[in-house]
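Notes follow once the structure below has been shown.
The values are calculated or read from the model by the stated rules, or taken from the named source; none is laboratory data. Just so it is clear, the structure is predicted and the values come from calculations on it, not from any experiment. Cβ placement follows ideal geometry from the backbone for every residue including glycine, while neighbour counts extend to all protein chains displayed.
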Amino acid sequence: MDLLFIADPLESFKIKKDSTLAMMRVAQEAGHRLWFCQSRNILWKDNFVVADCQPLFIRPSSTSWFELGALESRSLKSFSAVLMRTDPPFDIEYLNTTWMLSAAQRQGAKVFNDPAAVRDHSEKLSITEFPELIPPTLVTRELSAVEEFHQTHRDIVIKPLDGMGGMGVFRVSSDGLNLASIVETLGENGARTLMVQRFLPEIVQGDKRVLLIGGEVVPFALARIPQGKEIRGNLAAGGKGVAMPLTENERSVAEKLAPILFGRGLFLVGLDLIGGYLTEINVTSPTCFVEITEQSNFDVPQFWLKALERALS
């Protein structure tokens, strides 16, 4: 198979733990041909969606780890699969790329995840479809609504809807210190919508990343555990990643969502759970393949590849 990876510049990959690289490696080892481009290289040209892309070969070396071939212009429908692995933020250019990928689908391309499903599932807001699974949550631009929520729950977390890696996440405890300032700054004085949730003390056991692949649940989660006085477990914010088997409650949540999301074209999903509560549904470029594989006896990249091969058969 010819697999096109739309991703960030290869030079930016963290090669020791990059999930996209893990996918590339296992696909190449299975004999599939790899192709690479960035989202800026997706074009509408001569009435087709095409990619100005390059064949990619992954080397075993940890330094000069990739080799790119000559640039070619190929229609997206000519690939066995197109894999969108560009990191957020989900800005207007990301949105433009999803529209281009939807056009490619209409021409016969097979795109993972389905671009329409990605557009329809805000990684923060999509949890509101499942209110029975989430902590007390408020979505608003109004400071007065946040103040009322804080009076009710006393200890809260405030975050922007378009953040990633723990960026812009603030905790406001019972004293309410700097609440108005935080809301005004994050919300740009009412111009941006914020999500507010009751603080979950179970965060000390980790913000669990649970992977759904091809409608099936990976049996191990990566608990991203905050370090020191930090409240954020995100690895990008210094959290420690510890793989552990899913709890009964985590498995129940994952098994409920897996067939629903897969049925919508979301082939790869990363659920975030704290204390069994669903806090995010990540659909752009979920990670943690390498950490889970290295710390358990479960090969996530191989599981992903087998699921992809079944989906394309």
For this session: Those residues that are touching a Cys at 6+ places or on another chain (Cβ under 8 Å) and either among the aromatic types (F, W, Y) or on the phi > 0 side of the Ramachandran plot (or both), I need them from segment 6-47; list them, please.
Result: W35, F36
For this session: Look through segment 126-136, keep the residues that are within 16 Å of L266 (Cα to Cα) and surrounded by fewer than 23 Cβ atoms within 10 Å (Cβ to Cβ), and return whichever of them is nearest to the chain's Cα centre (by Cα).
Result: S126
For this session: Identify, by number, the condition in (1) crowded, with 18+ Cβ neighbours inside 10 Å; (2) of a type outside the set (G, A, S); (3) not in a helix (DSSP H, G or I) that D175 doesn't meet.
Result: (1)
Problem set entry | Complete set of residues in segment 44-64 that are of a type outside the set (D, E), free of Cβ contacts under 8 Å to residues at least 60 places away in the same chain and touching a helix residue (DSSP H, G or I) at 6+ places or on another chain (Cβ under 8 Å) | W44, F48, V50, A51, C53, L56, F57, I58
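Among residues belonging to segment 222-234 that are on the phi < 0 side of the Ramachandran plot and modelled with pLDDT under 90, point out the one that is surrounded by the fewest Cβ atoms within 10 Å (Cβ to Cβ).
By that ranking, first place goes to K229.
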Exercise. Checking L200 against (1) buried (at least 17 other Cβ atoms within 10 Å of the Cβ); (2) under 17 Å from the mean Cα position of the chain (by Cα), which single condition isn't satisfied?
Worked result: (2)
For this session: Return yes when R209 is of a type in the set (D, E, K, R), modelled with pLDDT under 95 and under 26 Å from F13 (Cβ atoms) and no when it is not.
Result: no
Problem set entry | Residue selected from segment 145-167 under the condition in contact (Cβ under 8 Å) with a residue 12 or more places away in the chain and among the acidic types (D, E), by the criterion surrounded by the most Cβ atoms within 10 Å (Cβ to Cβ) | D162
Problem set entry | Single residue of S73, S64 found to be polar (S, T, N, Q), out of contact with any Pro (no Cβ under 8 Å at 6 or more places or on another chain) and more than 22 Å from G108 (Cβ to Cβ) | S64
Exercise. Picking from A237, A258, which residue would you name as being at pLDDT below 95 and either hydrophobic (A, V, I, L, M, F, W, C) or surrounded by 15 or more Cβ atoms within 10 Å (Cβ to Cβ) (or both)?
Worked result: A237
Problem set entry | Search result, residues across segment 244-302 that are in contact with a helix residue (DSSP H, G or I) (Cβ under 6 Å, 6 or more places away or on another chain), assigned to a helix (DSSP H, G or I) and closer than 22 Å to P88 by Cβ | F289, V290, I292, V300, P301
For this session: List the number of the failed condition for A103; all other conditions in (1) within 23 Å of G270 (Cβ to Cβ); (2) of a type in the set (A, V, I, L, M); (3) more than 15 Å from the chain's Cα centre (by Cα) hold.
Result: (1)
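Being closer than 22 Å to P89 by Cβ, assigned to a strand (DSSP E or B) and either charged (D, E, K, R) or in contact with a helix residue (DSSP H, G or I) (Cβ under 6 Å, 6 or more places away or on another chain) (or both) is true for just one of V196, V183, V210. Which residue is that?
Values: V183 fails: assigned to a strand (DSSP E or B); V210 fails: closer than 22 Å to P89 by Cβ.
So the residue among V196, V183, V210 that is closer than 22 Å to P89 by Cβ, assigned to a strand (DSSP E or B) and either charged (D, E, K, R) or in contact with a helix residue (DSSP H, G or I) (Cβ under 6 Å, 6 or more places away or on another chain) (or both) is V196.
Yes or no, residue by residue, for (1) surrounded by 12 or more Cβ atoms within 10 Å (Cβ to Cβ); (2) part of a loop (DSSP other than H, G, I, E, B); (3) assigned by TED's automatic domain parsing to the domain that holds L266:
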position	(1), (2), (3)
P60	no, yes, no
S64	no, yes, no
R74	yes, no, no
V82	yes, no, no
D87	yes, yes, no
F90	yes, yes, no
N96	yes, no, no
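Among the residues of segment 1-50, write down those that are of a type in the set (G, A, S), farther than 13 Å from L305 by Cβ and surrounded by fewer than 21 Cβ atoms within 10 Å (Cβ to Cβ).
Step one: filter segment 1-50 for residues of a type in the set (G, A, S), giving 7, 12, 19, 22, 27, 30-31, 39.
Subset that is farther than 13 Å from L305 by Cβ: 7, 12, 39.
S12, S39, listed by residue number.
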Seminar exercise, completed: Filtering segment 32-46 down to residues that are under 12 Å from L76 (Cβ atoms) and among the aromatic types (F, W, Y) yields W35, W44
Exercise. Across segment 168-187, what is the number of residues that are without any contact (Cβ under 8 Å) to a residue 40 or more places away in the chain and under 21 Å from G270 (Cα atoms)?
Worked result: 1
Exercise. Going by the structure shown, is F112 buried (at least 18 other Cβ atoms within 10 Å of the Cβ) and more than 23 Å from the chain's Cα centre (by Cα)?
Worked result: no
